[in-house]
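One structure is given here, and the rest of the page talks about it.
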Amino acid sequence: MVVMLVAEGWAGSRGSRHHGSVHVPRHAVKAHAHVRDLVRDRPGPIAWDGAVAWCGCVLRGGRRSCGVTNSITGAGADHAIREADALLYGLGDGGLLVPHDSGMLVHRDVVGPLAALAEAAAGASIQLQLCSGHRGFARQLAIWNDKAAGRRPILDTDGRPLEAAALAPDALIDAILRWSALPGGSRHHWGTDVDVYDAAAVPGDYCVQLTAEESATRFAALHRWLDVHMRDFGFYRPYATDLGGVAPEPWHLSYLPVAQPCYARLSVEGLAAAIRGSGMLHEARVLERLPELFARYVRRVAPP
């Protein structure tokens, strides 16, 4: 996919998409003087023709460049994560996360595109709101441990409740991962991915469920509109269909110009370092299975 640079501001519009390209706001693709090269140098193809792709990445000449060897302490006492990788695994933000109008944190280069998407949706009488933005490692770990301990509901593939105590460890791990990400393996760590709903379609005191049934009924108009327009603003659905990993999540939008470089840099080794010693329930078994879990539940997403 080619990123088309626009002269000023945001150029997404109903007629702006051509040949599968994505318009990107200028500030999301030009280098800022205060941003350091924080990414390991890796050969091979890159996702964009522009000079810069965020998530701490500076792309030059088709390669990712860096020179940082600092490390920071992660959630557990025994492991450390490179400063370059802190945002990837939810262990820091590198100054890249900022408050959205909703009060939730998002990546700073997603603020403009989200505002443009919401403004366009408003023209169709849709009030696009966030119900989830950035989640750090600690929050994802708390969700995981609550589910593994039976303090939060666990659902099967069809959305029926399961009893955590009745499941063998492997079955429990897979049941959790069907609907919740591994700590360190969530796209929400990056601030590039958000869960959305249409506030105009429900009462003010409505509790959003984020279910397939809700998406197909109360929020059907929102998702029909997103089907047509979201890519004009750089967004796509990583969990659009069931690929045998994470269950479909039509409400989950990802800002591709920033998310794709983050996705490309994830590794089993980095995820293992984030998890090890973190106090995660079933940690030993998760680490034993991590290459398989990484491939199925982290890497297996819809193509851009």
Handout entry: the range 178-197: number of residues that are touching a strand residue (DSSP E or B) at 6+ places or on another chain (Cβ under 8 Å), of a type outside the set (Gly, Ala, Ser) and either under 17 Å from Met104 (Cβ atoms) or in a loop (DSSP other than H, G, I, E, B) (or both)
Key = 9
Handout entry: Hits in the range 127-147 - residues which are in contact (Cβ under 8 Å) with a residue 12 or more places away in the chain and among the small types (Gly, Ala, Ser)
Key = Ser132, Gly133, Gly136, Ala138
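Between Asp193, Asp198, which is closer than 20 Å to Glu119 by Cα, in contact (Cβ under 8 Å) with a residue 12 or more places away in the chain, touching a Ser or Thr at 6+ places or on another chain (Cβ under 7 Å) and acidic (Asp, Glu)? So that I can check it myself, show each step before the final result.
Numbers: Asp198 fails: touching a Ser or Thr at 6+ places or on another chain (Cβ under 7 Å).
It is Asp193.
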Completion exercise
Selection from the range 117-139 of residues surrounded by fewer than 17 Cβ atoms within 10 Å (Cβ to Cβ) and more than 30 Å from Tyr89 (Cβ to Cβ) yields Glu119, Ala122, Gly123, Ala124, Ser125, Gln127
Practice task
Give the number of residues within the range 157-167 that are out of contact with any Lys or Arg (no Cβ under 7 Å at 6 or more places or on another chain) and more than 20 Å from Ala142 (Cα to Cα).
Solution key: 4
Practice task
Return yes or no: is Pro169 closer than 28 Å to Ala295 by Cβ and of a type outside the set (A, V, I, L, M)?
Solution key: yes
Practice task
From the list Gly150, Gly133, Gly159, pick out the single residue that is of a type in the set (Gly, Ala, Ser) and in contact with a strand residue (DSSP E or B) (Cβ under 6 Å, 6 or more places away or on another chain).
Solution key: Gly133
Completion exercise
The condition of being among the basic types (Lys, Arg) and over 23 Å from Ala175 (Cα atoms) holds, among Arg218, Arg237, only for Arg218
Practice task
For Asp78, indicate whether it is part of a loop (DSSP other than H, G, I, E, B), modelled with pLDDT under 85 and farther than 30 Å from Val202 by Cβ.
Solution key: yes
Exercise for the section: Find all pairs meeting these conditions: Cβ atoms under 8 angstrom apart; at least six residues apart or on different chains; first residue within the range 159-179 and of a type in the set (Lys, Arg); second residue at pLDDT below 95. Expected result: Arg178/Leu155; Arg178/Asp156; Arg178/Thr157
Problem - Criterion (of a type in the set (D, E, K, R) and either within 17 Å of the chain's Cα centre (by Cα) or farther than 25 Å from Pro153 by Cα (or both)) met by exactly one of Arg218, Arg265, Arg289 - result: Arg265
Completion exercise
Of all helices (runs of 4 or more DSSP H) fully inside the range 219-300, the set with 1 or more residues that are in contact with a strand residue (DSSP E or B) (Cβ under 9 Å, 6 or more places away or on another chain), surrounded by fewer than 17 Cβ atoms within 10 Å (Cβ to Cβ) and modelled with pLDDT of 95 or more is 220-229
Problem - Test for Pro303: is it surrounded by fewer than 16 Cβ atoms within 10 Å (Cβ to Cβ) and touching a helix residue (DSSP H, G or I) at 6+ places or on another chain (Cβ under 6 Å) - result: no
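The values are calculated or read from the model by the stated rules, or taken from the named source; none is laboratory data. Computed from a predicted structure; not experimentally measured. Every residue, glycine among them, receives a Cβ derived from its backbone with ideal geometry; neighbour counts consider all protein chains shown.
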